[in-house]
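Structure record follows, encoded as structure tokens.
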Amino acid sequence: MAIIQQLPFRPSPLISVVVVNWNRRDLLHACLKSLRQQRHVEFETIVVDNGSDDGSPEMAAEQFAGSDSWLRLIRNRENLGFCAANNQGIALARGEFIALLNNDAEAHPEWLEALWRAFDGRPEVGMAASKILVYEDPRRIDKAGHLIYPDGQNRGRGMGALDDGRFDRMEEALWPDGCAAIYRKPMLDQIGGFDEDFFAYGDDAELGLRARIAGWKCLYVPDAVVRHHRGSTLGLQSSRRLELIERNRLLLAIKLFPGSLLWRNGIYYLARLAAGVWASFRGAGETAMFPGWRGKLRMARALIVGDLQALRLAPRMFRKRRDIRKFRKLSPRDVRELLERYRMPLADLLK
């Protein structure tokens with residue numbers, strides 16, 4: 001059950017910004033402060049709190065009521081996950097565009113305006129991606145759109161690279177990262193919101209690929225800048241985080257990948273695992289975050305648990321796969337070519 005608190009009323013905005021929060025009071029404060037500083041665009045802010053007990057919702061209501069970015073607050077009694085919480089915010093939103101901003105991200109004052117202007121004169125564009133910088137080292141890229149490996153594992157384009165001008169051009173992207181993104185509301189009305197079976201992690205890839213299959217395009221907007229604290233929700237060394245990432249990359253493939261790519265999934269997965277084992281000897285890749293033999297066992301267990309969870313959900317994903325026909329514009333061959341165009345090199349996954 002959720003409690004909706006509305007603080008003060010304003011006419012229908014152009015953009016609705018949804019911020020999901022769970023027990024990150026200080027980060028949420030910085031995030032909302034950055035939203036209050038947005039310029040040249042009318043918007044509302046919808047904070048969806050997932051049962052926090054650290055005073056986050058009280059802080060949001062007390063300190064940000066009456067600001068230019070007027071606030072509506074949804075208070076859930078428990079943690080419903082990133083997907084369900086965002087869907088609650090989207091359902092309440094009144095804007096023509098829906099922007100998402102992680103509670104652990106801070107937006108440049110012209111972030112929202114830059115994203116909105118990317119849609120001008122481009123009716124085929126349904127979503128736009130931000131330039132997301134690493135908060136602790138803003139010289140480096142966290143994500144500049146997304147890339148994907150053929151087994152369903154996806155990561156931010158340019159992750160860890162220096163922001164040295166290579167990512168300063170507006171261009172088509174595969175899909176946006178849910179940390180800082182914007183979507184046309186009519187697109188979401190057509191294809192639906194986040195798949196709540198994903199709970200968290202990889203959910204933005206599923207929504208983005210579903211939108212691409214429906215014929216919508218995505219733009220990367222380098223002037224839309226945010227800074228992001230990486231892994232602050234569960235932590236980069238969290239086994240639960242790894243379980244969800246592993247489970248959801250399989251769910252993504254089962255639900256949306258063309259059959260010609262889906263049946264090869266195990267081959268690509270084994271290739272990535274083998275490369276990961278090799279990288280571990282050099283202290284590189286995801287394995288470096290799980291040091292020692294105990295850490296490696298914990299990592300292996302998380303992967304197995306994630307795979308088993310995906311197998312349990314597979315029948316439901318196959319049923320949802322059939323529902324995609326209602327709005328499909330891209331053929332399976334088109335989808336495969338799209339994924340190949342934005343394919344992430346295996347070497348990049350091991351950095």
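The values are calculated or read from the model by the stated rules, or taken from the named source; none is laboratory data. These figures come from a predicted structure and were not determined experimentally. Using ideal geometry, Cβ is built from the backbone for each residue, glycine included, and neighbour counts are taken over all protein chains shown. The protein model used for the area step is the full one, side chains on, heavy atoms only, and it has no ligands, DNA or RNA in it. Shrake-Rupley method; radii C 1.70, N 1.55, O 1.52, S 1.80 Å.
Things worth noting here:
- Residue within region 61-68 that is charged (D, E, K, R), within 17 Å of Cys179 (Cα to Cα) and open to solvent by 10 Å² or more (accessible area, probe 1.4 Å) present: no
- Yes/no for Arg294 being at pLDDT 85 or above and either in a helix (DSSP H, G or I) or buried (at least 19 other Cβ atoms within 10 Å of the Cβ) (or both): no
- Qualifying positions in region 267-291 - open to solvent by 40 Å² or more (accessible area, probe 1.4 Å), among the small types (Gly, Ala, Ser) and at pLDDT 75 or above: Ala271, Ala274
- When residues in region 166-191 are screened for being assigned to a loop (DSSP other than H, G, I, E, B) and under 14 Å from the mean Cα position of the chain (by Cα), 6 of them pass.
- Region 89-126, subset open to solvent by less than 50 Å² (accessible area, probe 1.4 Å) and in a helix (DSSP H, G or I), residue farthest from Met187 (Cα to Cα): Trp111
- Sole exception among (1) under 21 Å from Asn21 (Cα atoms); (2) crowded, with 21+ Cβ neighbours inside 10 Å for Val134, by number: (2)
- All positions within region 147-165 that are open to solvent by 10 Å² or more (accessible area, probe 1.4 Å), within 28 Å of Gly259 (Cβ to Cβ) and not in a loop (DSSP other than H, G, I, E, B): Leu147, Asn154, Arg155
- Identity of the residue in region 74-88, touching a helix residue (DSSP H, G or I) at 6+ places or on another chain (Cβ under 6 Å) and not in a helix (DSSP H, G or I), that ends up surrounded by the fewest Cβ atoms within 10 Å (Cβ to Cβ): Arg75
- Residue in region 313-329 that is over 21 Å from the mean Cα position of the chain (by Cα), loosely packed, with under 14 Cβ neighbours inside 10 Å, of a type in the set (Lys, Arg) and more than 15 Å from Arg210 (Cα to Cα) present: no
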